[in-house]
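The values are calculated or read from the model by the stated rules, or taken from the named source; none is laboratory data. Keep in mind that what you see is a predicted model, and the values were worked out from it rather than measured. For neighbour counting, all protein chains shown are included, and Cβ atoms are generated from backbone atoms with ideal geometry for every residue, glycine included.
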Amino acid sequence: MKFDFIWPIGQDPDGSMKEFLKTKGFKMTPQRELIFRSFFELERHVSVDELYDKVRQRDKTVGYSTVWRNLKLICKVGLAEEVNLGDGVTRYDRVTHEPHGHLYCLQCKELVEFNVEEIMKFLTVAADDHDFAPEGIKIEIQGLCAKCRKANQKKLRKVDGVSTEATAEKRA
């Protein structure tokens, strides 16, 4: 079942989201609709805080715990999954059913998806070779993005320049 969850506020033209939640044992409330829609509109990995800020732009009465519980519900019904990168912030990623990995910048915290279709073939063979039944595969590469590496190089050049000048002054 594939859905297009970006629909005008207060409208679910074909009732697909409402029906989908009903099949999972949940009701569509106005706040839940706003939270679900806001999550899907962001089209990126989001933290509870980021989603809360987005929701509060439209409705100041929605509480933080309501956003958190509904994000957990989005995961429970299989529309998103938690992404933990070891920085203490849980992010939520839309389930796309297309294999992808994550490039995570340790400095600016940027998270970029990349295609892992070719890698998946090797991982599937490895699992089969060991008679292993994987329930999920996560591929994550941590490091520094180009922008942060470039900024760090500029800082190093400045430091080198200062230390070289200071050393020259000491010799004089």
Looking at region 53-77, which of its residues are touching a helix residue (DSSP H, G or I) at 6+ places or on another chain (Cβ under 9 Å) and either closer than 25 Å to Phe114 by Cα or outside any helix (DSSP H, G or I) (or both)?
Asp59, Thr61, Val62, Gly63, Leu71, Ile74, Val77
Of the residues in region 78-113, how many are assigned to a loop (DSSP other than H, G, I, E, B) and touching a Leu at 6+ places or on another chain (Cβ under 7 Å)?
3
Please specify each residue of region 114-144 satisfying the condition of being assigned to a loop (DSSP other than H, G, I, E, B) and touching a Phe, Trp or Tyr at 6+ places or on another chain (Cβ under 9 Å).
Ile139
Considering only residues of region 7-52 that are among the small types (Gly, Ala, Ser) and part of a loop (DSSP other than H, G, I, E, B), which is modelled with the highest pLDDT?
Gly25
Taking region 118-159 as the search range and keeping residues that are more than 21 Å from Ala80 (Cβ to Cβ) and under 20 Å from the mean Cα position of the chain (by Cα), which one is surrounded by the fewest Cβ atoms within 10 Å (Cβ to Cβ)?
Ala146
